[in-house]
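Structure first, commentary second.
The values are calculated or read from the model by the stated rules, or taken from the named source; none is laboratory data. Computed from a prediction, not measured in an experiment: that's the story for all the values here. All Cβ positions, even for glycine, are placed from backbone atoms using ideal geometry, and neighbour counts span all protein chains on display.
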C-alpha cells in the first residue's frame, strides 16, 4: 500500500506534524524515502547478505567432490652394491661391484562422475641403468666390465568403474550438491525475509514518530484550550460574574496539560531516536526526522480469499520450508539406494613397453599401442545385516515426514495470520470512522458547553470536563489511525507482498 502526501479527509484538523523547537538539522521524510534509506544503510541487510554468500559457497564445496584430481611422483635413486657369483655357468667365481641409477615418473589423474562412475589413468615411464666390474675374489684381478643396454621402460594404465546398483545415478551421488543448492535458495529467501522484516520495522518506527508528533500537537492544543479557559475565568472574576474558587479548576487543568506536554515531547524524542537508529546506523545523521506522510485510510481492501492465496504463493517462510522438504526427500532417495548391493563393472586398459634405449621408443610402445592389454570384470559386495543403511533410511523417512507435517502446520499458521491481519484491517478502518465521528461530536459538545458558560449557564468544571472528553477522543482517533496504518503493514507482511507494495525490489 502506498502512502500519499495529501492529508486525508478523515484526519483530525489542525497541524498534523509536530513543530519542536527549530534547533539542529531537520530532515523531512516520506515513508517511501525512509524505507529506501533503511535498505541502503541498515546493518542487518549487510549481515543477511554475508550469510547468504556464505551459504551459497556450499555449492562449489559439494561440487568439488567431482573435480579432477591430478597426482604426480618423481623419484631418483642411486645404489652401490657388491656380491660374489659365478661369472658364467660352471665358470669361476667373481666379485661384482655395481653402481645403479634409477629414475621414475608417475603422472595420474582421477575423477568420480555424478552418475556413479570413476575414471583413473596413470602414465609411468622409468629409467634403470647399472654398471660395474668383475674381479677375482681371491687375487682381485680385473675380469671384465658390464653395463645396462636397455635402460628405459614404462606403463600406461586406465580404468573406468561404473556402479550398477548402489551408488548409481545423479540423484544419489549429487545429493549433497542438491542439498547445497536448496540451502542456497533458502538463504536467498531468508535474505529477502530479513528485508521484509526490516521494511516492516521501519514502517512501524515511522508511524511511531507520526503518532508522537501528532500527539504533541494534540497536547499543545489541549494546553491552549485550558489556558484560554483560565484567561476567561480570570476575566470573569475581575468582572465579578464568577466566583474566585472556579479559577482553581482551570489552573489545575493548565498544570496537568503542561505535564502532559512534557511527556509528549519526551515520547517524540524517543520515537525520533529509534527511527534515526534504523535509518542511520552509522555516524552522520540529522538531529530529527519530520515525517511528511500520514495514514491513507482506504475504503476498500482486497477480499480475504485473494489475500490467503497470495500468502500461500509468496510467503518466504513457506518457500524455505518447501526447499527444506525437497532436501530431505533427496536424502531419503539416497538412503534408499544405500540398501542395494554394491555391484560394479570395470574396464581396464594396460599398455607396457619393451626395454628401450630411449624414452621416445618407450612412448611409441605405450601410445601406439604396441603391447595392449584389457581387463573387464564385475565386483559384488553386500552387507548381511546392513543395519547402518537401514537406520539411515529410517531417519531420512522420519525427517521427511516431520518436514511435511511442519510445512502443513506452517501453512495453516500463515493462513490464520492472514485472516487475523485482514480482520484487524477491517476493524481498524471501522474504528477510524467511529473515532472521527466521536471526535466531531466532542468538538460540538465542547463548543455548546462553552457557549453556555459564556451565558452563565455552565461552570468551569463542566467546560474542563468537555475539554477532557475532547482530548480523549482525539487520542482515540489518533491511535485508531496509526493502528490502521500498522495493521495494513501487518497484512501486507502476512501476504508476503510488503516490499513489492512499497515499490521496491529486493537488494542484491
Point to revise | Single match in 200, 226 (criterion: closer than 30 Å to residue 323 by Cβ, out of contact with any strand residue (DSSP E or B) (no Cβ under 7 Å at 6 or more places or on another chain) and assigned to a helix (DSSP H, G or I)) | key: 200
Revision key, fill the gap. When (1) modelled with pLDDT of 85 or more; (2) touching a strand residue (DSSP E or B) at 6+ places or on another chain (Cβ under 6 Å) are applied to residue 82, the one that fails is (1)
Review point. Residues in the stretch 264-278: is at least one assigned to a loop (DSSP other than H, G, I, E, B) and under 30 Å from residue 185 (Cβ atoms)?
Key: no
Review point. Are there any helices (runs of 4 or more DSSP H) wholly within the stretch 295-371 with 2 or more residues that are in contact with a strand residue (DSSP E or B) (Cβ under 8 Å, 6 or more places away or on another chain), and if so which?
Key: 359-367
Review point. Of the residues that make up the stretch 290-298, is at least one in contact with a helix residue (DSSP H, G or I) (Cβ under 8 Å, 6 or more places away or on another chain) and loosely packed, with under 15 Cβ neighbours inside 10 Å?
Key: yes
Check your understanding: Residue check, residue 72 against (1) closer than 30 Å to residue 177 by Cα; (2) surrounded by 15 or more Cβ atoms within 10 Å (Cβ to Cβ), all met but one. Which one?
Key -> (2)
Point to revise | Residue satisfying condition, being out of contact with any helix residue (DSSP H, G or I) (no Cβ under 6 Å at 6 or more places or on another chain), surrounded by fewer than 21 Cβ atoms within 10 Å (Cβ to Cβ), closer than 30 Å to residue 489 by Cα and modelled with pLDDT of 90 or more, within set 256, 190 | key: 190
Point to revise | Leading residue by the ranking (farthest from the chain's Cα centre (by Cα)) among those in the stretch 374-419 that are closer than 30 Å to residue 479 by Cα and in contact (Cβ under 8 Å) with a residue 60 or more places away in the chain | key: 419
Study note, to complete from the structure: When every residue in the stretch 110-129 that is in a loop (DSSP other than H, G, I, E, B) and touching a helix residue (DSSP H, G or I) at 6+ places or on another chain (Cβ under 6 Å) is compared, the one surrounded by the most Cβ atoms within 10 Å (Cβ to Cβ) is 116
Review point. Listed residues 489, 459; which is on the phi < 0 side of the Ramachandran plot, surrounded by fewer than 21 Cβ atoms within 10 Å (Cβ to Cβ), in contact (Cβ under 8 Å) with a residue 24 or more places away in the chain and touching a helix residue (DSSP H, G or I) at 6+ places or on another chain (Cβ under 7 Å)?
Key: 459
Review point. Which of the residues belonging to the stretch 236-255 are part of a helix (DSSP H, G or I), without any contact (Cβ under 8 Å) to a residue 24 or more places away in the chain and either within 60 Å of the chain's Cα centre (by Cα) or within 15 Å of residue 453 (Cβ to Cβ) (or both)?
Key: 236, 237, 239, 251, 252, 255
Check your understanding: Among the residues of the stretch 333-349, is there at least one that is surrounded by 15 or more Cβ atoms within 10 Å (Cβ to Cβ), touching a residue at least 24 places away in the same chain (Cβ under 8 Å) and within 30 Å of residue 128 (Cα to Cα)?
Key -> yes
Exercise for review: Would you be able to tell me the number of residues in the stretch 373-406 that are at pLDDT below 95, farther than 30 Å from residue 158 by Cβ and loosely packed, with under 11 Cβ neighbours inside 10 Å?
Suggested key: 4
